[in-house]
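This report refers to the structure that appears directly beneath it.
The values are calculated or read from the model by the stated rules, or taken from the named source; none is laboratory data. These numbers were taken from a predicted model, which means no experiment stands behind them. Every residue, glycine among them, receives a Cβ derived from its backbone with ideal geometry; neighbour counts consider all protein chains shown. Heads up: the accessible areas ignore ligands, DNA and RNA and are worked out on the full protein's heavy atoms, side chains in. Shrake-Rupley method; radii C 1.70, N 1.55, O 1.52, S 1.80 Å.
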Amino acid sequence: MNTAIKNTTIQNRSKWERLNSAHTIPTHHVKSVNVVEFLQSLQDFKASKEQILFSIGCFLLKGNKNLAIKRFLGEYNYEIIEIKNIPTREFDLLGSAYQFLNTKMENLEKGLFYTSRNVATDFVSGLDFAAGQVIFDPACGSGAFLFNSKAPAEQIYGVDLDPIAIMIAKFNYFIKFPDAPPPKLYCEDFFNWYSTHSKLTFDYIIGNPPYGANLDLSKVPSEFISSGESFSYFIEFCYRLLKKGGVFRFLLPESVLNVKRHTDIRDFILDHTNLTKIKRFSEKFSGVMSDVYMVELDRDQTKEVLFTDETSTIVPKDIYKVFQNHIFVHLREQDIVILEKVDRLKKHDLSKSVFGLGVVTGDNKTKILKSKVKDSEHIYTGKEVEKYRLLPPKNYLIFDRRNLQQVAPDEIYRAPEKLVYKTINKYLKVAVDATGSLTSNSANIIIPKIPDLDIYTIMALLNSNLYSYLHLKLFGGVNKIAKENLMALPLPGISSIEDKQIRELTEEAIRRNNDAH
Ligand SMILES: C[S@@+](CC[C@H](N)C(=O)[O-])C[C@H]1O[C@@H](n2cnc3c(N)ncnc32)[C@H](O)[C@@H]1O
């Protein structure tokens, strides 16, 4: 099975080459200067990374005579090379060295971002092993969770499809348990392993599964997941292995909470598991841009989830089914009061309004022009969209439909008045355009069709702090303003006098703002 990460973000060759040659210190993993220097010194060795890692591992095992270790080392044919100044007390030195010896591209492709000690320790805190409880990590890498837990050697299970990761995990196992029997650490694709081990159950399933990896979906039949997202299949399949009374904790990207595509796994979690905790970790992992979260499940039937970011709140789970796409948001008591009030005042929405995409050129580099040429006209992009106003346009386009990839009907761009909103942003930024100008797809269009509300009133509402707050709470703070979310925003019923007053105030504010510029 191919688990290469889909590198949709690598658009050009120079970036590709950079990623292919850069080696970076996994700073979330390594804290001390001498370890950084040690890792850098490894670049001088001509040997393969397997041989370097094997040699460091053997040094750290210090010639231990345990037969199980002998057997483990006997599985490999690497000649040991002499490496000086090996730090002996560093947490997961081999894991850090492996991440460093790979190029950035290799780490991206293998999803090779090992969890730091702090986060791993938090994940295994409170787990009791006194009665023989067993811990399992289905994509264990170097074993950050397994070996930070208090589990004795015999109560540890791990799987990873990367042979080097499993070699490192076995070294880490014997470094922690020098006299232990052979480890139950298996080099296999988790889903293959599952097909022959689905009768096993575990007390603790703790992991940081690959995100965005390609899976052979014929091997992972699921009634619940259709997105193709690897972490979702890992959640579904691993949850089946959780014992009653057990605890399941996965480290997942923020997208699991609020991205529409992941509604399938949120529904699975809400309908078929017992969600107990969502906790944010602000630590940045190379390769993951947003925050990451612990999602904790068990097999009980509690009705509430503990949500922790800057603060902690106990949130009733039923509320998530009410939200569009069943997003998991942190609602404090005060949020619930505000949302209920907004709901009471709701009379309109934008669902019957006309939405239009800004022009998709298919090749901005050649088609979006920096200066005016014959037959071109100005075009607004998202960069010019501010609250209440459009900055002077900086770009031009020859508006020839035959040469453009996607273009809305003329009457949308040329409407006497239209709302233009910035598409990629966390908060709403909306302006009225009354010049019939073109916009690009970073600045999309709404032509409101709400007879009781003036276009300026709608602009004022959408630009208010309340609507950015509603957008954040109702749709989970995604960095994109989606048409379907705008359509679902509740708009109030107001009198025609109030409507007129808001229009006048808005126009006045815009006039003053223009004068000031
Ligand atoms: C983000 S790393 C996490 C490793 C470790 N659990 C930790 O937290 O440090 C993801 C791991 O998943 C492994 N992996 C990717 N696809 C897999 C699969 N289909 N089966 C098992 N392991 C897989 C990768 O080799 C990598 O070690």
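For a protection proxy built on the mean count of beta-carbon atoms within 10 angstrom, sort 98-110, 139-151 highest first, please.
On the way: 98-110: 20.7, 139-151: 25.8.
Descending packing order for the listed peptides: 139-151, 98-110.
If r is the Cβ-Cβ distance from residue 310 to residue 32 and R0 is 22 Å, what FRET efficiency results, to the nearest 0.05? List each step's numbers first, then the result.
On the way: r = 29 Å, r/R0 = 1.34.
Once the sixth-power term is evaluated, E becomes 0.15.
Provide the net charge surrounding residue 326, with neighbours chosen by a C-beta distance below 12 Å and charges set as Lys +1, Arg +1, Asp -1, Glu -1. List each step's numbers first, then the result.
Numbers: positive: 260, 266, 317, 321; negative: 264, 267, 271, 318.
Here the charged neighbours net out to 0.
What residues have an amide H closer than 5 Å to that of residue 242, excluding those fewer than 5 places away on the same chain, when H is modeled at 1.01 Å from N in the peptide plane?
The list, which skips near neighbours in sequence, is 202.
Please work out the Cα center distance from the range 203-220 to the range 329-348, rounded to the nearest Å.
Going from one Cα centre to the other spans 36 Å.
For the range 65-119, list log₁₀ I(q)/I(0) at each q in 0.16 Å⁻¹, using the Debye formula over Cα point scatterers of equal strength and ignoring solvent, two decimals each.
Cα-only, vacuum Debye calculation for the range 65-119: -0.77.
Please report the carbon-and-sulfur percent of the accessible area for the chain; probe 1.4 Å, protein heavy atoms only, DNA, RNA and ligands left out. Intermediate values should be presented prior to the final figure.
Details: 12850 of 24840 Å².
It is 52 percent, rounded to a whole number.
Calculate for the chain the 222 nm mean residue ellipticity that helices alone would give, adding -39,500 (n - 2.57) per DSSP H run of length 4 or more and normalising by residue count, nearest 500 deg cm²/dmol.
Working: 21 runs with 185 residues, N = 517.
Mean residue ellipticity, 222 nm, calculated: -10000 deg cm²/dmol.
Based on the alpha-carbon gyration tensor of the range 85-231 and its eigenvalue square roots a ≥ b ≥ c, which shape applies: rounded if a/c is under 1.5, prolate if not and a/b is larger than b/c, or oblate?
Working: a/c = 1.79, a/b = 1.18, b/c = 1.52.
Note, shape of the range 85-231 comes out oblate.
For the chain, just the Cα set please: Rg and Dmax, both in angstrom.
That works out to 27.6, 89 Å for Rg and Dmax.
Just the accessible area per residue of the range 354-516, please: how many Å² with a 1.4 Å probe? Can you show the working numbers first?
On the way: 8110 Å² over 163 residues.
Per residue, the range 354-516 has an accessible area of 50 Å².
What does the net charge come to around residue 403 if you take all other residues with beta carbon closer than 12 Å to its beta carbon, with K and R at +1 and D and E at -1?
Every neighbour counted, the sum reads 0.
I'd like to check one number: the per residue accessible area of the range 50-192, probe 1.4 Å, reported in Å² as a whole number. Before the final figure, lay out each step's value.
On the way: 5930 Å² over 143 residues.
The answer is 41 Å² per residue.
Among the listed pairs 352/480; 418/473; 46/110; 31/429, which are separated by more than 29 Å between their Cα atoms? Don't skip to the end; give the middle numbers.
Working: 352/480 21 Å; 418/473 26 Å; 46/110 23 Å; 31/429 41 Å.
Where the Cα-Cα span goes over 29 Å, the pairs concerned are 31/429.
Apply the Karplus curve 6.51 cos²θ - 1.76 cosθ + 1.60, θ = phi - 60°, to the phi angles in the range 367-372 and return the couplings in whole Hz, x for Gly and Pro.
Per residue, the Karplus-derived 3J(HN,Hα) values read 9, 8, 9, 7, 9, 6 Hz.
Can you give the FRET efficiency to the nearest 0.05 for residue 346 and residue 427, using r as the Cβ-Cβ distance and R₀ = 30 Å?
Numbers: r = 21 Å, r/R0 = 0.69.
Efficiency, rounded to the nearest 0.05: 0.90.
Of the options 385, 399, 334, report the single residue whose Cα projects farthest towards the positive end of the charge dipole of the range 319-437 (beta-carbon charges: Lys, Arg +1; Asp, Glu -1).
385
Considering only C-alpha atoms, what is the centroid distance from the range 264-284 to the range 63-127, in Å?
Cα centres, the range 264-284 to the range 63-127: 29 Å.
Work out how far the C-alpha atoms of the range 294-403 reach from end to end along every principal axis, then list the three figures in whole Å, largest first.
For the range 294-403, the Cα spread along each principal axis is 68, 35, 28 Å.
If you take the Cα atoms of the range 354-516, find Rg, then find the Kirkwood Rh from the mean of 1/r over all pairs, what is Rg/Rh?
Values: Rg = 16.1 Å, Rh = 16.5 Å.
Result for the range 354-516 is an Rg/Rh of 0.98.
Which percent of the Cα-Cα distances in the range 230-298 go past 21 Å? Please list the in-between numbers first.
On the way: 501 of 2346 pairs.
Across the range 230-298, Cα pairs with separations above 21 Å total 21 percent.
Sort 179-191, 113-125, 200-212 by packing, meaning the average of other beta carbons within 10 Å per residue, with the highest value first. Mind dumping the intermediate values first?
Working: 179-191: 17.8, 113-125: 20.2, 200-212: 22.5.
Descending mean neighbour count gives 200-212, 113-125, 179-191.
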